[in-house]
Amino acid sequence: MMLRFIGVLSALVLISGAIPASAQTVTSPMSQPPSMRPAKKVTVHYVCSGLKVTAVYDNVKDRVSFVWGAKDNHLPHVASADGVRYANSVIEWWEKGNNVTISSLPEKNVLATCTTS
């Protein structure tokens, strides 16, 4: 019985290691643990409701920075059950897959939806 358990466990380990890195999807630098993030800062270009927005993900400070409404925003990474979320008391940057939603807080009014460009 113990040998069968070890055999099944070994097979699972081999299968989990067989997934190529190219098949693994990572949407946001912040979705990875700090030790696995590729660089100190990562710049991503978005189109948000027709406007071009450049976001800088700062992996050292664990935040995203972008300009919206003629204002520089530097939002800290906050807990999220789905996607990667950055927010302060006024604005929220919520990334799910390749899409981002910018919303006003506390009302949660969607200001823009964004896709990578």
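Values as computed for the structure displayed
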| read-out | value |
| --- | --- |
| Number of positions in the range 88-117 that are loosely packed, with under 13 Cβ neighbours inside 10 Å and either β-branched (Val, Ile, Thr) or within 17 Å of LEU51 (Cα to Cα) (or both) | 3 |
| Search result, residues across the range 67-87 that are small (Gly, Ala, Ser) and farther than 22 Å from GLY50 by Cβ | ALA79, SER80, ALA81, GLY83, ALA87 |
| Yes/no for THR43 being at pLDDT 95 or above and exposed (fewer than 13 other Cβ atoms within 10 Å of the Cβ) | no |
| The range 50-74 residues that are among the hydroxyl-bearing types (Ser, Thr, Tyr), paired with ones that are part of a loop (DSSP other than H, G, I, E, B) and modelled with pLDDT under 95 (beta carbon under 7 Å, 6 or more apart) | TYR57/SER28 |
| In the range 74-117, residue nearest to VAL47 (Cα to Cα) [restricted to those that are part of a strand (DSSP E or B) and charged (D, E, K, R)] | GLU95 |
| The lone exception for VAL64 - which of (1) assigned to a strand (DSSP E or B); (2) surrounded by fewer than 13 Cβ atoms within 10 Å (Cβ to Cβ) it fails | (2) |
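Per-residue answers, yes or no, for (1) at pLDDT 90 or above; (2) touching a helix residue (DSSP H, G or I) at 6+ places or on another chain (Cβ under 6 Å); (3) hydrophobic (A, V, I, L, M, F, W, C):
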site	(1), (2), (3)
ILE19	no, no, yes
SER31	no, no, no
VAL47	yes, no, yes
VAL53	yes, no, yes
PRO76	yes, no, no
ALA87	yes, no, yes
ALA112	yes, no, yes
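The values are calculated or read from the model by the stated rules, or taken from the named source; none is laboratory data. Computed from a prediction, not measured in an experiment: that's the story for all the values here. Heads up, the Cβs are rebuilt from the backbone with ideal geometry, glycines too, and the neighbour counts pull from every protein chain shown.
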